[in-house]
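Single-structure report; data block below.
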Amino acid sequence: MIELSVAIGDYDRNRPLFDGRVKIDGAKPVMMALSPEEMFFRAMRHEAFDVCELSLSSHTLRTSRGDAPYTAIPAFVSRAFRHTGIIVRADSGITEPGQLKGRRVGLPEWQLTANVWIRALLEDEYGVRPQDIHWVRGGLEEPGRVEKVKLDLPAGVKIEEIGPNDTLRDMLSDGRIDAFIGPRAPTNFVPGNPDLRWLFADPTAEAERYFKKTRIFPIMHVIGIRKSLAERHPWLPVAVYKAFVQSKAVALEQLSETSATKVTLPFVEEQLRRARSLMGDDYWPYGIEKSRHVLEYFLEAHHRQGISKRRVAVEELFHPSAMETYVI
């Protein structure tokens, strides 16, 4: 029995691991529920955890450089349609994606996974290239946020750094930028604030249209296992992957029991039926093959946007033992 430090998000699909309903074979986990920003920073800077959630973008970047500290398993614990990740000023006159051309658009970091997906969406679905936008980069809520990696931007892309005391939230509020993209909305983006709105009037309908066309449900995070640990214990990646698959199964079983809703949100039963009707029963798949087209698309966009120096192959991201499973 080995002790593992495990840092993951407190999501329903992970909760059975936190409360012990699901075990990791051969391991005694020390569980930590952390924010993505803290997990990613500590993992990439200090290899702080044995097992942890990883940004798909950061993991791809480090893999392309040959210095990735973790190998991944295909437990895609965070996925999201990012049509809600584009926020505009109500007085900007921006009512459709094409009108972002020539505008000042804030972003916390170029290499964030959500921003890779948003830029790919804008370019491939609406014809808005990264070169068409004047990017403004800095901290969303606090000054001083830095780009964690050195970038080799595509020709024609311009990024302006904000002032040392500025935040993108305040710049969006006072009109110094026209729009914002990112995984986390600014704290002033609330229903009572008439100055800010989503770019898409109905982002859910737009995301459903996108899925019907592409069959892509964007992947944000994977689960990483420290490479040195996987080398010492070659059985571990499959044991960890098995536990995450079981944990998600428990969560979905609970979510489907609607006699007493397990999520503090109305319309859960209706949304669950809507998701299954659109995406099938396994609407949040783990494993490589059901999501290979999603990964291939992301890896191409990641390289095209100047983040990975070379086009990374899907197989490079994951531990070989976690890419196949037994059949009874």
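The values are calculated or read from the model by the stated rules, or taken from the named source; none is laboratory data. All values reported here derive from a predicted model rather than from experimental measurement. Cβ sites come from the backbone with ideal geometry, for glycine too, and all protein chains shown count toward neighbours.
Of the residues ARG15, ARG89, ARG79, ARG45, the single one that is of a type in the set (D, E, K, R) and modelled with pLDDT under 95 is ARG45.
Cβ-Cβ distances below 6 Å connect the following pairs, each with a first residue in region 51-67 that is assigned by TED's automatic domain parsing to the domain that holds PHE298 and basic (Lys, Arg), a second residue that is outside any strand (DSSP E or B) and surrounded by fewer than 24 Cβ atoms within 10 Å (Cβ to Cβ), and a separation of six or more residues or different chains: ARG62/ALA68.
Criterion applied to VAL263, VAL268, VAL238, VAL294 was being under 18 Å from PRO29 (Cβ atoms) and either surrounded by fewer than 17 Cβ atoms within 10 Å (Cβ to Cβ) or aliphatic (A, V, I, L, M) (or both), and the one residue passing it is VAL238.
Scanning region 259-286 for residues that are over 19 Å from SER247 (Cβ atoms) and outside any helix (DSSP H, G or I) returns SER259, ALA260, THR261, THR264, LEU265, PRO266, PHE267, GLY280.
Let me confirm something: among ASP124, ASP166, ASP132, which residue is farther than 20 Å from GLY85 by Cα and modelled with pLDDT of 95 or more? Let's see the steps before the verdict.
Numbers: ASP124 fails: farther than 20 Å from GLY85 by Cα; ASP132 fails: farther than 20 Å from GLY85 by Cα.
Matching residue, one of ASP124, ASP166, ASP132: ASP166.
Of all residues in region 88-115 being polar (S, T, N, Q) and touching a Pro at 6+ places or on another chain (Cβ under 9 Å), which is farthest from TYR126 (Cα to Cα)? The residue in question is THR113.
Any idea which of ALA313, ALA251 is touching a residue at least 12 places away in the same chain (Cβ under 8 Å), of a type outside the set (S, T, N, Q) and over 23 Å from PHE81 (Cβ atoms)?
Answer to the selection: ALA313.
The set of residues in region 215-257 that are touching a His at 6+ places or on another chain (Cβ under 8 Å) and assigned to a helix (DSSP H, G or I) comprises ALA230, PRO237. On the stretch given as region 150-180, residues that are touching a residue at least 40 places away in the same chain (Cβ under 8 Å), under 23 Å from SER308 (Cβ atoms) and touching a Phe, Trp or Tyr at 6+ places or on another chain (Cβ under 9 Å) total 4. Cβ-Cβ distances below 7 Å connect no pair with a first residue in region 24-42 that is of a type in the set (Asp, Glu), a second residue that is surrounded by fewer than 13 Cβ atoms within 10 Å (Cβ to Cβ), and a separation of six or more residues or different chains.
Residues of region 76-115 that are surrounded by fewer than 20 Cβ atoms within 10 Å (Cβ to Cβ) and among the aromatic types (Phe, Trp, Tyr): PHE81 alone.
On the stretch given as region 291-319, residues that are touching an Asp or Glu at 6+ places or on another chain (Cβ under 7 Å) and in a helix (DSSP H, G or I) total 1.
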